[in-house]
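The values are calculated or read from the model by the stated rules, or taken from the named source; none is laboratory data. The shown structure was predicted, so the numbers you read here are calculated from the model rather than taken from an experiment. Note: ideal-geometry Cβ built from the backbone for every residue, glycine included; neighbour counts use all protein chains shown.
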Amino acid sequence: MRAKGKAAADALRRAVKELEEDHLVPRLWQAAERQAVSSANSDDAATAKQAKQAKVDPLENWDTVVQELGLESWVERHAASGGVAVFTKLLSYPLTLAKYAHAHCDLEKSNNDNIRVSIVGARAESSLPALYWTHLVALAPDSARAQQWNLQFIGPDVSLSGPPVHDALRDREVSILNQVSFATAQRPLETCELPSPDLYAFFNSGIGHPKESKRWAQALADLKGSGRRALFTSFHADDLARDLKALEALGANINFVERENPLRSLSRESSPDPSERVFANAAVVVATL
């Protein structure tokens, strides 16, 4: 049984290594080159309009993401190993942020295409490799490809070293990589002073959970009445209902609710209740605090 488990883990590691080295890194270089060509030809309005009309939204769901990244053959090879579920878990954080921030968070009002996002209560996402976060730009709508994302991870469980950079990306200048910057602040939520970014993000925060709500009380109270947009994700329907109740009690204005996020992780998370189906970023709420 132990040997079988090791073989499965090894297969998963190989799948992720192939994903990164044979697909995501080369595609990132290609995206940077396309971006440079697009910028050079920006005066051709008719061509740009035609391309926009023909283009399928790459953030519509996981099928369109796979198609946009050219991962069809990789998915076929690694579906049985669990590689596809891990792939969705790794990209769910940046792609959920990209999808809903552009559509529902008034980012056009941000300062000179410089988007500041505070990810509050960050945990594993603070150590998610930069390769995945760059897809905020690589798969962004055409009108947002030039934007700079400044991500600040805040919370007691934040990795101070921040998102690691893939070795292959250190060896070559990649313009898209430079469009996503990172900062970390390891602080207790009960006493930390939060900045004033363009957008707050709370991934799977549990702000309405009975065991978590107390530690969130001060941070949310500090944000009350700030008028800032915030994106919240939840693990499942009950988690979403608790989060909505907490936001309503705070007096927040609920701008948008997605009860089934098409870019949720497909990797099931552990839960004290084995009957509970828990998936990261299963649902999304956008609110004005």
Whichever residue in region 271-289 is in contact with a helix residue (DSSP H, G or I) (Cβ under 9 Å, 6 or more places away or on another chain) and in a loop (DSSP other than H, G, I, E, B) and, among such residues, is modelled with the lowest pLDDT:
276
For region 15-25, which positions are in contact with a Ser or Thr (Cβ under 8 Å, 6 or more places away or on another chain) and surrounded by fewer than 17 Cβ atoms within 10 Å (Cβ to Cβ)?
none
Between residues in region 218-235 that are surrounded by fewer than 17 Cβ atoms within 10 Å (Cβ to Cβ) and residues that are of a type in the set (D, E, K, R), which pairs lie under 7 Å by C-beta distance while being six or more apart or on different chains?
218/190
Of the residues in region 76-106, those that are out of contact with any strand residue (DSSP E or B) (no Cβ under 7 Å at 6 or more places or on another chain) and over 23 Å from residue 130 (Cβ atoms) come to 76, 77, 79, 80, 81, 82, 103
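Could you tell me whether residue 81 is modelled with pLDDT under 80 and in a helix (DSSP H, G or I)? Let's see the steps before the verdict.
On the way: modelled with pLDDT under 80: yes; in a helix (DSSP H, G or I): no.
For residue 81, the condition - modelled with pLDDT under 80 and in a helix (DSSP H, G or I) - is not met.
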Filter region 132-163 down to residues that are of a type in the set (A, V, I, L, M) and modelled with pLDDT under 90 and give me whichever is farthest from residue 269 (Cα to Cα).
146
Cβ-Cβ below 7 Å, separation at least six or inter-chain, first residue in region 54-75 and more than 11 Å from residue 262 (Cα to Cα), second of a type in the set (Ser, Thr, Tyr): which pairs?
56/64; 57/64; 58/64
Of all residues in region 236-270, how many are in contact (Cβ under 8 Å) with a residue 12 or more places away in the chain, closer than 26 Å to residue 84 by Cα and part of a loop (DSSP other than H, G, I, E, B)?
11
Within region 114-131, take every residue that is polar (S, T, N, Q) and out of contact with any Phe, Trp or Tyr (no Cβ under 7 Å at 6 or more places or on another chain) and give me the one that is modelled with the highest pLDDT.
127
